[in-house]
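The values are calculated or read from the model by the stated rules, or taken from the named source; none is laboratory data. Model, not experiment: these values are computed from the prediction. Quick reminder, even Gly has a Cβ in these numbers, built from the backbone with ideal geometry, and neighbours come from all protein chains shown.
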Amino acid sequence: MIASELISDIVVPLRTSDTVDTAISMMAEFKVSHIPVVNNHSYLALLSEDDLMSDVDLDAPIGSLKLVLPRLMISEHQHFYDVIKMMSEHRLTLLPVVDADENYEGVVSLESLAANMSKMAAISQPGTVIVLEMSQNDYSMSEIAQIIESNDAKILSMYLTPRADSTNMDVILKINKQELNAIIQTFDRYNYTIKASYGQEEDPEDLKDRFDSLMNYLNV
């Protein structure tokens, strides 16, 4: 999945002639902390809420402001993971997407990012989640897949989350089978450490809370 496939139409860009007051109103309306500035289809800059926090004239044009952020943008052909990385690094509520000539194509919003990540992670598909803890040196994707498939199940998605303070990491597996006992027993026989498991029989609100916590854990 590439950036052009993630574009959301919820935000209308500003022009350099628009006022600070207009920018504040639009950020409140769209519930974002950033808005792109565009003139004649050319992407110019990303306006931040921080740019409007100082004691500035509400009638001043956006073009007169000294902006806090660098000229952040992403090519329409860049990968989904590049979008996540840039939005996470700069704590953006949206990210402008441009073509090869840096013409404005639209923005990727947090809502669009979350919705598409949910699809990629198979969140909406029936199944269960297992979190394994292991040394990075012990990780073997083929062995993990073999254990899952030997129990007549398939891996729907997998994420690796290395730890900054050790050589250990977590392997988060979404599996298309609701009964986990046999799979857990097989992992036990292979001496895997099972950090957590989450089944579909749990309360939907509890699952939502767990998903939100997982997204925070992954820094998304």
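Within the range 21-55, track down each residue that is at pLDDT below 90 and buried (at least 17 other Cβ atoms within 10 Å of the Cβ). Selection gives D51, L52.
From the list D165, D152, which residue is of a type in the set (D, E, K, R), free of Cβ contacts under 8 Å to residues at least 24 places away in the same chain, loosely packed, with under 15 Cβ neighbours inside 10 Å and not in a helix (DSSP H, G or I)? Checking each option against the conditions leaves just D165.
Quick grid of which residues meet (1) surrounded by 14 or more Cβ atoms within 10 Å (Cβ to Cβ); (2) at pLDDT 85 or above; (3) more than 30 Å from Q178 (Cβ to Cβ); (4) not aliphatic (A, V, I, L, M):
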{"residue": "S64", "(1), (2), (3), (4)": "no, yes, yes, yes"}
{"residue": "L67", "(1), (2), (3), (4)": "yes, yes, yes, no"}
{"residue": "R71", "(1), (2), (3), (4)": "no, yes, yes, yes"}
{"residue": "H77", "(1), (2), (3), (4)": "no, yes, yes, yes"}
{"residue": "R91", "(1), (2), (3), (4)": "no, yes, yes, yes"}
{"residue": "P96", "(1), (2), (3), (4)": "yes, yes, yes, yes"}
{"residue": "E102", "(1), (2), (3), (4)": "yes, yes, yes, yes"}
{"residue": "V108", "(1), (2), (3), (4)": "yes, yes, yes, no"}
{"residue": "K119", "(1), (2), (3), (4)": "no, no, no, yes"}
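Restricting the search to the range 80-89, which residues are touching a strand residue (DSSP E or B) at 6+ places or on another chain (Cβ under 8 Å) and at pLDDT 90 or above? Step through it out loud before you land on a result.
Taking the range 80-89 as the starting set, the residues that turn out to be touching a strand residue (DSSP E or B) at 6+ places or on another chain (Cβ under 8 Å) are 80, 82-83, 86-87.
D82, V83, M86, M87, listed by residue number.
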